[in-house]
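These notes concern the structure reproduced below.
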């Protein structure tokens with residue numbers, strides 16, 4: 001998913017169309033407020049960020065992104081009509097990964113997006129571990145305290161998602177979106193129904209999957225969260 005923050009509807013629609021035609025998912029926002037709200041729900045692969053926006057401008061939004069531990073490494077391309085060398089330096093010094101000036105060609109935009117994603121996206125780890133839990137994505141096996149755990153496919157994907165984000169609180173809706181590929185809130189209880197047997201199958205190591213009341217779950221040290 002790529003987020004586009006652009007107040008000019010025609011440019012925003014053009015960018016969304018170009019990205020979707022190239023095989024990417026894309027969502028547009030006309031101001032910083034709606035963009036930041038979306039970031040709370042889901043992190044994109046990359047952000048195309050205009051500087052001149054209603055309300056909070058792009059440089060201020062970029063600063064907010066870089067100060068938040070969840071988004072500080074998020075790839076950001078500034079897309080703006082401000083084309084002086086000073087403007088470019090301000091954007092890059094503020095934490096932008098790349099800078100495109102308007103007007104620009106579709107091919108240039110797609111080329112910059114592809115190049116930045118190549119530089120910033122790493123191959124996923126094939127073996128994940130947390131304390132006594134070890135997940136091997138090559139063999140699709142999980143062990144806890146050296147004993148193999150027989151998990152269903154969804155239990156495996158759920159555990160993998162938790163282990164890819166150690167210490168991070170993941171909301172039920174976010175888990176539904178990633179593991180079940182749906183954002184239907186009414187089904188979020190499905191997560192709870194899978195957590196219980198997953199903990200049981202992990203034995204004593206199941207204690208590391210912690211409930212964060214009214215939010216969701218995390219995998220972390222037992223003393224980090226009070227139940």
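The values are calculated or read from the model by the stated rules, or taken from the named source; none is laboratory data. Given the structure is predicted, the values throughout are model-derived calculations rather than measurements. Positions of Cβ are backbone-derived with ideal geometry, glycine not excepted, and every protein chain shown enters the neighbour counts.
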Q.
Quick check on segment 133-151: of everything there that is in contact with a helix residue (DSSP H, G or I) (Cβ under 8 Å, 6 or more places away or on another chain) and in a loop (DSSP other than H, G, I, E, B), which residue is nearest to residue 176 (Cα to Cα)?
A. 151
Q.
Just the residues that are at pLDDT below 95 and not in a helix (DSSP H, G or I), please, taken from segment 176-209.
A. 181, 182, 183, 184, 188
Q. Name the residues in segment 192-212 that are under 18 Å from residue 171 (Cβ atoms) and in contact (Cβ under 8 Å) with a residue 12 or more places away in the chain, would you?
A. 192, 194, 195, 198, 209, 210, 211, 212
Q) With respect to residue 47, is the statement that it is touching a helix residue (DSSP H, G or I) at 6+ places or on another chain (Cβ under 9 Å) and under 16 Å from residue 66 (Cα atoms) true? A) yes
Q: Restrict the check to segment 133-154 and report whether at least one residue is within 25 Å of residue 40 (Cα to Cα) and modelled with pLDDT under 95.
A: yes
Q: Take segment 98-130 and flag every residue that is under 17 Å from the mean Cα position of the chain (by Cα) and either in contact (Cβ under 8 Å) with a residue 12 or more places away in the chain or assigned to a helix (DSSP H, G or I) (or both).
A: 113, 116, 117, 118, 119, 120, 121, 124, 125
